[in-house]
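Q: Here you go, one structure.
Please treat every number below as a calculation from the coordinates, not as lab data. The structure presented is a predicted model; accordingly, all values stated were derived computationally and were not measured. For neighbour counting, all protein chains shown are included, and Cβ atoms are generated from backbone atoms with ideal geometry for every residue, glycine included.
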C-alpha cells in the first residue's frame with residue numbers, strides 16, 4: 001500500500017513516507033497477506049498503474 005501511495009503522491013507532487021505498522025491492531029493480519037484477495041478471486045478493471053496513468 002505504501003508503494004501505491006508513493007506512486008500517487010509522486011504524481012501529485014506530495015512526498016509519501018511509509019511507516020511500519022508494528023503494534024497496530026491489524027499488523028499481524030496484514031503481514032501475512034490477510035487483506036489480499038484469495039486464490040479464487042476474479043480481479044477485473046485496470047491495474048493501479050493503468051488507473052494512475054489516467055489521472056491528471
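Q: Rounded to the nearest 0.05, what FRET efficiency do residue 48 and residue 22 give with R0 = 35 Å and r taken as the Cβ-Cβ distance? Could you check? Intermediate results must be reported in sequence, preceding the final value.
A: On the way: r = 25 Å, r/R0 = 0.71.
The value I calculate is 0.90.
Q: I've got another one for you. Place the peptides 37-45, 9-17 in order of packing, highest mean first, counting for every residue the other Cβ atoms within 10 Å and averaging per peptide.
A: Numbers: 37-45: 6.2, 9-17: 10.3.
In decreasing order of mean packing, 37-45, 9-17 become 9-17, 37-45.
Q: Another question, if that's okay. If each residue of separation counts as 0.36 nm, what is the full-extension length gain between residue 35 and residue 6 once their alpha-carbon separation is subtracted?
A: On the way: separation 29, 0.36 × 29 = 10.44 nm, distance 1.93 nm.
Between residue 35 and residue 6, full extension yields 8.5 nm more.
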